[in-house]
Structures are given as structure tokens and as C-alpha cells.
Amino acid sequence: MNVASIVVEYFAIAQVYRKVPALQESKKKTEQPPGSETDRPTPARENRLSHNWKHVKDLVKRTVIDFKLYFNHRAFLPSFAGALLYLTVLSFAGQMVTYLLAAEYDSTQIGIARTLSVVFEILATWVAPWLISKIGPVRAGLWMSSSQVGMLVAGTAVFWVFENRPLVSTSGLVVGTILSRLGLRGFDLCAQIIVQNEVEAEVRGAFSSVEAGWQNGFELLSYASTMIFFRPDQFKWPTLISTMAVGLTSVIYTFYVYIQIASQA
């Protein structure tokens, strides 16, 4: 299909080229001798530079305002906690799959592990709403976060303790990661419900943009961790960093829950 489309694309481009005279004009500019008027700053050029500089200053000012809004907003803690979860290599993405292949897992075993991971993520779409209906999104988020931390800590502990037994250590990490997906997706749902309920409509775009920036930043840090610790025998360090990030997420969110309970007392 791609080869066949080349012919159609060529004739379409040629037809547009013939029908638009401006496309047929030469793009070469007449060379001006040094010291000519084109080398001198003109009012139009100065105005353009001034406009660009003003645009940069306005952009920086707007960014500062958006970050200030984000940090001072009551939904900051659950939002930031959710963004921090992107600092992980324990997600059956490229980093962890690469390690599993180096640890002599075959493609079939990895496929089964990823399938089970997806099953637990889908299960979270039933468990989390049910839990939210019983105790509300704030407390449900605490339960989901605690579940994720517990599974990852257990899996990481096995991974470190049985380091000299690769099959046992790697399998422990895989099982812990699979079971943690229930808590991960459940917590993410609770956090997003809180953000949607708390953030005002007129600032939702700015708030979400800053949140997405933190998510992308933490995701880049996760890739940086495997760039620094790139050998298979060093994968335990990105794993530890990921588990610590999830633990910090739980601490931040627990503090948020404490604030909410204290304000309602």
C-alpha cells in the first residue's frame, strides 16, 4: 500500500505545484555587497527582536504564575504524588523487558508476565470504583497506594536478598511488579478524581499542564537511571530508586489524607 500511494502522492504534489505560481518562484536571494542596507538594522527588524524578547518574558512570567498556582493549590499533593509514580522502571516497558531478556527470560515468559500485569490493571477498574463508593476517593487512594508500596517492597526485597539466585530474585521482582499494578491504577484513578473535583475549571488547563510537565520530568529521570546504571547486574539500583519513589508517593499522599481528616475534624 505504501508503494502504491507514492504514485498518487506524486501526481497530487505535482498538480498543486502547477496550480500555485508562488511555489514556482526561485527562493534564491540576490547577493548584496558588504555594508549594504540589508546588513544594517532596520526599524522592522528591531521591532521584531523587541517583540520576540517581550514574548519570551511573557512566557517566563506565565510559567512562573502557573507553577505558583500549582504549588499553592489544595490539589497539589495528590497531583504531585501521582506524577512521582512516573519515576519507575518497574512497568514491563522497555527498560524492565531488556533486563528480563538479559536475565534469561524468554519472550513467552515475558509475554505471560505482561498479560498478567494488564489483567491486574483491568481489575483495578472494578476494585477502585467499588472502594471509592464505600469510603470515598481520598481514603481509597490511601488503600491503593499502600497496596502498591507493599507489593513493590516485597518484590524488591526478594530481588535484593536472593541476588545470588537470579531465577528466584528476578521472579520475585516480576511477581511484585505484577501485583503492584492493581494499586498503581487504583491510586491513579483516585488521584485524578480528587484533582478533577478540587481544581477550578478556569485554571484546570494551567494546572494540568504543570502536572504533565512533572510527569514527563520524572519519566526522563527513570530513563536516566538506566543510562547511568546500564549493566544488567546494576539493575538493582534503578529498581531501588523506583521503589523509593513509590514509597515517597505514599508518604506524600498520607500527609494529604492527614490534612483532609484534620480539616474535617
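As for region 191-199, it holds no residue that is more than 17 Å from the chain's Cα centre (by Cα), over 23 Å from Y70 (Cα atoms) and polar (S, T, N, Q). When region 217-265 is filtered for residues that are part of a helix (DSSP H, G or I) and among the small types (G, A, S), the ones remaining, listed by number, are G217, S222, A224, S225, S242, A245, G247, S250, A262, S263. Cβ-Cβ distances below 9 Å connect the following pairs, each with a first residue in region 46-69 that is closer than 28 Å to R204 by Cα and of a type in the set (K, R), a second residue that is surrounded by 10 or more Cβ atoms within 10 Å (Cβ to Cβ) and modelled with pLDDT of 80 or more, and a separation of six or more residues or different chains: R62/A206. Please indicate, with yes or no, whether at least one residue in region 111-133 is surrounded by fewer than 15 Cβ atoms within 10 Å (Cβ to Cβ), without any contact (Cβ under 8 Å) to a residue 24 or more places away in the chain, polar (S, T, N, Q) and over 30 Å from I65 (Cβ atoms). Yes: region 111-133 contains one or more residues that are surrounded by fewer than 15 Cβ atoms within 10 Å (Cβ to Cβ), without any contact (Cβ under 8 Å) to a residue 24 or more places away in the chain, polar (S, T, N, Q) and over 30 Å from I65 (Cβ atoms).
The residues on offer are L59, L116, and the sole one that is over 25 Å from I194 (Cα atoms), aliphatic (A, V, I, L, M), over 18 Å from the mean Cα position of the chain (by Cα) and at pLDDT 95 or above is L116. Being closer than 30 Å to N164 by Cβ, over 17 Å from the mean Cα position of the chain (by Cα) and among the aliphatic types (A, V, I, L, M) is the requirement here; does I241 meet it? So I241 fails the test. Does T156 count as surrounded by 16 or more Cβ atoms within 10 Å (Cβ to Cβ), among the polar types (S, T, N, Q), more than 21 Å from the chain's Cα centre (by Cα) and modelled with pLDDT of 95 or more? When the stated conditions are applied, T156 passes them. Selection over region 220-238 of residues that are buried (at least 16 other Cβ atoms within 10 Å of the Cβ) and not β-branched (V, I, T) gives a count of 6. Evaluating S208 against the criteria (1) assigned to a helix (DSSP H, G or I); (2) loosely packed, with under 15 Cβ neighbours inside 10 Å; (3) at pLDDT below 95 leaves one unmet condition, (2). Meeting the requirement of 1 or more residues that are of a type in the set (D, E, K, R), over 19 Å from T249 (Cβ atoms) and touching a helix residue (DSSP H, G or I) at 6+ places or on another chain (Cβ under 9 Å), the helices (runs of 4 or more DSSP H) wholly within region 71-180 are 107-161. For region 220-234, the criterion of a residue being modelled with pLDDT of 95 or more and over 21 Å from T156 (Cα atoms) is satisfied by at least one position. The C-beta contact set for region 139-164 (first residue within 27 Å of I194 (Cβ to Cβ), second residue aromatic (F, W, Y) and crowded, with 19+ Cβ neighbours inside 10 Å, distance under 8 angstrom, 6+ apart or interchain) comprises G141/F187; G141/Y253; L142/Y253; M144/F187; S145/F187; S145/Y253; Q148/F187.
The values are calculated or read from the model by the stated rules, or taken from the named source; none is laboratory data. On a predicted model such as this, the values are computed, not experimentally measured, just so you know. Here Cβ is always computed from backbone atoms with ideal geometry, including for glycine, and neighbour counts include all displayed protein chains.
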